[in-house]
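Have a look at the structure below, then the notes.
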Amino acid sequence: MAETVLFLHLAELARLTDCLSEGECCSVVALSNMGKSTLLRQVCSQAAQQRFLGETSKKLAFFYVDCNLMLTLSEQGFYEAALRSALAEVKRLGAANALLERLQDLYHKVVEPSSPFLVSLSFNEAIVALSEELGRRVVFLFDEFDDPFARLDGRIFLNLRALRDKYGDRLCFVTATGAELSERRQDAEATEFCELFAEHVLHLTGLNQDEARQMVRSIARAEDIELDREEIEFVLKQAGGHLGLVQAVTAVLIRVAAGVPADLRERSLAIARQQLDSEGSVRAECAKLWEQMTHQDREALLRFLTSGGTVPLDPEMSLLVRKGILVGGESPAVFGELYAGYARRQHRAKQSGHAGIHVDVGSGDVWTDGKPAPTLTDHEYRLLLLLYGRMNKIVTRDDVAEAVWGADYMDEIDDARCDKLLSRLRAKIEPDPANPKYLQTVRGRGYRLVSG
């Protein structure tokens, strides 16, 4: 029996493929790990194309470009990544050898240009060849587009606009960003590029409940675990429809369930809940989401939470609905308990505002002078907990080796390795790592974390 394909963000996938079938450009906007990358990759899958485009899919060529894989954040890096993706897909489509050879030649001119002017010229010639010789509508899907769009020369985007103007619906662009393109930059060159997407901005929120349940079952079955209805609803209650949190919470629940005897499975939910707030992957997802929210978003969310969710939504709170932070229609709530708890802890830390390093041992959150620190690795967090538990006291390198790596590895851990770990931790929690205020090295004796 053929395996059932799990499509996520089904409604948005239909809207995006409709848009591309009509030759329109589209901007996909969503906060961290709501599923932008998943949506774009699904569009490129043969299963999605067969379901949503049918025979029309044979008239389109999809070039997925992960901007995180740009070799350099530069004009050359951007054009190289785009043509690298196009070359790979054109080969898969079985294009004529003449076109392939032409594209390979132009790609090498972008990578090793004899003159800087050849970079954009060769890219443009490649787009001309694709648009005029491939026999399909060319669709570039630029994932993780935030940094390139915010930091690259505006002439790059003016060039993309000129190419779209030249070829019309034969050349389409899809971008995936954390905020609308017009919020990222407003210079004249970028504004002309933004105009391509004005009529088709797709705001992506969390998975609907049916999709989230299907995803939890799919993750569990891949690990040969069958979760019951109560366990699946537990994941949704904690994570809502946030794709990254659904994955993180399901992984924790599977790990706990696998270690609990069958007759005690009902205890797995209580055990999992105890672990979630301090779970590194959960903290990382919440921190990324919090960092991507604007100051106005955060303030609106905190107003909502401190009111107990009983006040009418003001315009800024209503924006949180569009972004998927608040859900529930007439009785809105934060999409998941984990993120609501994380936001409340940020509020408490802001209210306390005391100087020094503060660790919420229950949740694993860390603050420096009342501001949240970047997410720590497991080893960094173990070191900080050791120092935090012995505030203002000297901790030896042997203490560090045992607490971080374990007694069995103490003979393998030298001073240099401890010092490197301390340096990485210092870079994350010190206001000025070059002049440490809280995390001190005591020459010849060890390390000390001092109170504010």
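The values are calculated or read from the model by the stated rules, or taken from the named source; none is laboratory data. Everything quoted here is computed from the prediction, not taken from an experiment. Cβ placement follows ideal geometry from the backbone for every residue including glycine, while neighbour counts extend to all protein chains displayed. Each accessible area value is taken on the protein alone, full model and side chains, heavy atoms only, with ligands, DNA and RNA left out. Shrake-Rupley method; radii C 1.70, N 1.55, O 1.52, S 1.80 Å.
Here are some notes:
- Cα lying deepest toward the dipole's positive end in segment 10-111, options 17, 71, 46, charges on Cβ: 46
- For the chain, the longest principal axis of the alpha carbon atoms and the long axis of helix 117-133 meet at an angle near 60°.
- Within the straight-line cut-off of under 23 Å between alpha carbons, the lysines reachable from residue 323 are 36, 237, 288, sequence neighbours fewer than 8 places apart in one chain being disregarded.
- For the chain, the 222 nm mean residue ellipticity estimated from helices alone, with every DSSP H stretch of n ≥ 4 adding -39500 (n - 2.57) and the total spread over all residues, rounds to -16500 deg cm²/dmol.
- Taking amide hydrogens as placed 1.01 Å from N in the peptide plane, the amide H of residue 171 sits under 5 Å from those of 138, each at least 5 positions away in sequence or on another chain.
- Using the 1.4 Å probe convention, the accessible area of the chain works out to 48 Å² per residue with neighbouring protein chains retained.
- Nearest 10 degrees, 0 to 90: helix 229-239 Cα axis against the chain principal axis: 90
- Using the Cβ-Cβ distance between residue 101 and residue 11 with R0 = 51 Å, the FRET efficiency computed as 1/(1 + (r/R0)^6) comes to roughly 0.75.
- Local charge for residue 23 was computed over the other residues whose Cβ lies under 9 Å away, with Lys and Arg +1 and Asp and Glu -1, and equals -1.
- Residues whose placed amide H lies under 5 Å from that of residue 326, excluding near-sequence neighbours: 321
- Counting every alpha-carbon pair across segment 39-118, the share separated by more than 22 Å comes to 35%.
- 0 to 90° range, to nearest 10: angle between helix 415-429 axis and the chain longest Cα axis: 70
- Look at [x] 24.9; [y] 26.7; [z] 23.9: the one that is Kirkwood radius over Cα pairs in Å derived from this structure is [x].
- Lysines with Cα under 21 Å of residue 59, excluding same-chain neighbours fewer than 8 positions away: 91, 166
- Among residues other than residue 393 with Cβ under 12 Å from its Cβ, the summed charge is +2 (Lys and Arg +1, Asp and Glu -1).
- Rounded Å value of the spacing that divides the Cα centres of segment 308-330 and segment 183-247: 18
- All other residues whose Cβ lies under 14 angstrom from that of residue 131 are scored, Lys and Arg at +1 and Asp and Glu at -1, for a net of +2.
- Cross-link reach is defined here as a Cα-Cα straight distance under 12 Å, omitting same-chain residues fewer than 8 places apart; for residue 437 the aspartates and glutamates meeting it are 369.
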